[in-house]
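Read the figures in this text as sums done on the coordinates, not as results from a lab. Being a predicted model, the structure only gives us computed values, none of them experimental. Counting neighbours? That spans all protein chains shown, and the Cβs are built from the backbone with ideal geometry, glycine included.
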Amino acid sequence: MKLVADNLACERGGRNVFTGLDFAVEAGGLLLLRGPNGAGKTSLLRLIAGFAEPAAGTVKLEGGHADLTLGQHCHLVQHQDAVKSALTVEENLSFWAGFLGGGDIEAAVAALALDRLRTTSAAYLSAGQRRRLSLSRLALVPRPVWLLDEPSVGLDAASLERLKGLIRDQLAGGGLVVASTHVEIGVPATAEIDLGAIGRQAA
Amino acid sequence: MTVLAALVRRDLTLALRQGTGAGTALGFFLTVLVLIPLGIGPDQALLQRIAPGALWIALLLSVLLSSDRIFQADFEDGSLELMTMGPAAMEIVVTMKGLAHWLTTGLPLAIAAPLLGFLLNLDAALIGPLVLAMGLGSVALSLLASLGAAVTVGIRRGGLLVSLIILPLYVPVVIFGVAASSGIGGVNIAGPSLMILAAIALVALVTVPFAAAAALRAYMH
């Protein structure tokens, strides 16, 4: 399995965010996206997830399931946490497990230590706890590609260690991860892209 | 099937817990119907004549009231985007959310309509046709409401705009709904009107999911 971008360009609001972006991530690879705010890290992740059409070029997954879109191979963790405040932690997880076609709620709860929060209404979660609930979807349903937008924001040290463990397991299991981050997430990257530098060239 | 059941179950739970469920819609329906005799006066013959029409108008307004929430909350918190990455097509997701909306508004209101019809001196002979017509018609109403909700999902306070877009589309439903349930008309037009209502509901079931899913995709891009 291999995620390949070829001469990829992204445009937002009539402005070129980046152009001529090439990369290839093999199974087991971690691609880190760097760059200042507005460099296009989120735009690139959303483009891979299928929420935007590239202005030019292509991005595709080689060796994936032919019937599924690229987005259906992916988990996306972004700023909007998709957590329903009116549901408990467990109800949130069980909805996504059902909707994504069957998942392991116990694994998700264990992965980010949500055990004591299981029956808590998500309305009472702190920002960091909501983030953990959002991240626990990664362990809920296996998917080959993880798209993580600033996954470490709001996490305490123990949760960050758990997230690193999840990423290592995903890579060891032959999955691939594309993550944008400003801080070190402590897992060695197989490739890094500085979108800031690419954007400056485009401008 | 579990995928669709999970979605409908979640939407029903959310509707119940967030106060957008059957209770709220019924309360609104009741309030509108109580206001009508107060505005028109206690003329029983007049009330009896306008009862089916008044019930239909109240039904439209109640369905519209909750329509802007069909997609908005899920759009704002990112749930809708994640749903496009699931195994179900967006068209199916739209249909299921429309179904959940119908289960929490259209269906309970159609069942409650004859009871509340007593406030308007509704002719007892019309109870059967009215429930049937409202049950069928409200399927189309909920589906059209989800189209309006999808088209305005990115607009804050889009509720009024939904009404402007959707109310004209409700015209055929009202015309044939009232024709099927009012008992007026020299010849018996209730049967054919019911069939046309069913046809409208089926056409909406086939076309609305595609239109609404296209609108939602456009907003996500």
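Can we say B:Leu109 is in contact (Cβ under 8 Å) with a residue 24 or more places away in the chain, under 15 Å from B:Ser62 (Cα atoms), of a type outside the set (Lys, Arg) and buried (at least 23 other Cβ atoms within 10 Å of the Cβ)?
The answer is yes for B:Leu109.
Only one residue in B:Leu7, B:Leu46, B:Leu80, B:Leu12 is within 14 Å of chain A (Cβ to nearest Cβ), surrounded by fewer than 18 Cβ atoms within 10 Å (Cβ to Cβ) and either under 20 Å from B:Leu216 (Cα atoms) or among the hydrophobic types (A, V, I, L, M, F, W, C) (or both). Which one? Give the steps one after another, and end with the answer.
On the way: B:Leu7 fails: surrounded by fewer than 18 Cβ atoms within 10 Å (Cβ to Cβ); B:Leu46 fails: within 14 Å of chain A (Cβ to nearest Cβ); B:Leu80 fails: surrounded by fewer than 18 Cβ atoms within 10 Å (Cβ to Cβ).
Step by step, each of B:Leu7, B:Leu46, B:Leu80, B:Leu12 is checked, and only B:Leu12 is within 14 Å of chain A (Cβ to nearest Cβ), surrounded by fewer than 18 Cβ atoms within 10 Å (Cβ to Cβ) and either under 20 Å from B:Leu216 (Cα atoms) or among the hydrophobic types (A, V, I, L, M, F, W, C) (or both).
Please verify whether B:Leu59 is out of contact with any Pro (no Cβ under 6 Å at 6 or more places or on another chain), of a type outside the set (Lys, Arg) and closer than 30 Å to A:Leu45 by Cα, treating the condition exactly as stated.
In short, no.
From B:Leu130, B:Leu119, grab the single residue that is hydrophobic (A, V, I, L, M, F, W, C), part of a helix (DSSP H, G or I) and crowded, with 21+ Cβ neighbours inside 10 Å. Working first, answer last.
Numbers: B:Leu119 fails: crowded, with 21+ Cβ neighbours inside 10 Å.
Step by step, each of B:Leu130, B:Leu119 is checked, and only B:Leu130 is hydrophobic (A, V, I, L, M, F, W, C), part of a helix (DSSP H, G or I) and crowded, with 21+ Cβ neighbours inside 10 Å.
Which of the residues belonging to region B:154-201 are small (Gly, Ala, Ser) and in contact (Cβ under 8 Å) with a residue 60 or more places away in the chain?
Those that are small (Gly, Ala, Ser) and in contact (Cβ under 8 Å) with a residue 60 or more places away in the chain: B:Gly154, B:Gly158, B:Gly159, B:Ser163, B:Gly177, B:Ser181, B:Ser182, B:Gly183, B:Ala190, B:Ser193, B:Ala198, B:Ala201.
Just one of the numbered conditions (1) buried (at least 19 other Cβ atoms within 10 Å of the Cβ); (2) out of contact with any strand residue (DSSP E or B) (no Cβ under 7 Å at 6 or more places or on another chain) is not true of A:Gly102; which one?
The failed condition is (1).
Looking at region B:133-157 only, could you name the residues that are surrounded by fewer than 19 Cβ atoms within 10 Å (Cβ to Cβ) and over 30 Å from B:Ala45 (Cβ atoms)?
B:Gly154, B:Ile155, B:Arg156, B:Arg157
What number of residues in region A:57-74 are under 22 Å from A:Leu21 (Cα atoms), within 10 Å of chain B (Cβ to nearest Cβ) and not in a loop (DSSP other than H, G, I, E, B)?
Residues flagged as under 22 Å from A:Leu21 (Cα atoms), within 10 Å of chain B (Cβ to nearest Cβ) and not in a loop (DSSP other than H, G, I, E, B) within region A:57-74 amount to 3.
Among the residues of region A:14-25, is any among the small types (Gly, Ala, Ser), surrounded by fewer than 21 Cβ atoms within 10 Å (Cβ to Cβ) and within 14 Å of another protein chain (Cβ to nearest Cβ)? Quick ask: steps written out before the conclusion?
So in region A:14-25, the residues among the small types (Gly, Ala, Ser) come out as A:14, A:20, A:24.
Applying the additional criterion that residues be surrounded by fewer than 21 Cβ atoms within 10 Å (Cβ to Cβ) yields A:14, A:20, A:24.
Next, only the ones that are within 14 Å of another protein chain (Cβ to nearest Cβ) stay: none.
No: zero hits.
Residues being touching a strand residue (DSSP E or B) at 6+ places or on another chain (Cβ under 9 Å) and more than 28 Å from A:Gly173 (Cα to Cα): count how many of those fall in region A:9-40. Write out each step before concluding.
Residues of region A:9-40 that are touching a strand residue (DSSP E or B) at 6+ places or on another chain (Cβ under 9 Å), as a first pass: A:9-11, A:16-35, A:38-40.
Those left that are additionally more than 28 Å from A:Gly173 (Cα to Cα): A:9-11, A:16-20, A:35, A:38-40.
Here the count works out to 12.
Does B:Thr2 count as within 14 Å of another protein chain (Cβ to nearest Cβ) and crowded, with 16+ Cβ neighbours inside 10 Å?
No; evaluated as a whole, the condition is false for this residue.
Is at least one residue of region A:41-51 within 14 Å of chain B (Cβ to nearest Cβ) and in a strand (DSSP E or B)?
The answer is no; no qualifying residue exists.
Select, from A:Val153, A:Val145, the only residue that is aliphatic (A, V, I, L, M), surrounded by 16 or more Cβ atoms within 10 Å (Cβ to Cβ) and within 14 Å of the chain's Cα centre (by Cα).
Going through A:Val153, A:Val145 in turn, just one is aliphatic (A, V, I, L, M), surrounded by 16 or more Cβ atoms within 10 Å (Cβ to Cβ) and within 14 Å of the chain's Cα centre (by Cα): A:Val145.
Show the residue pairs that are 6+ apart or on different chains and have beta-carbon atoms under 6 Å apart, the first residue being within region A:78-92 and among the small types (Gly, Ala, Ser), the second being in a loop (DSSP other than H, G, I, E, B).
A:Ala82/B:Asp77; A:Ala82/B:Gly78; A:Ala86/B:Gln18
Which helices (runs of 4 or more DSSP H) does region B:1-113 wholly contain that include 1 or more residues that are among the aliphatic types (A, V, I, L, M) and more than 22 Å from A:Leu140 (Cβ to Cβ)?
Qualifying helices (runs of 4 or more DSSP H): B:2-17, B:22-40, B:44-65, B:69-76, B:90-101.
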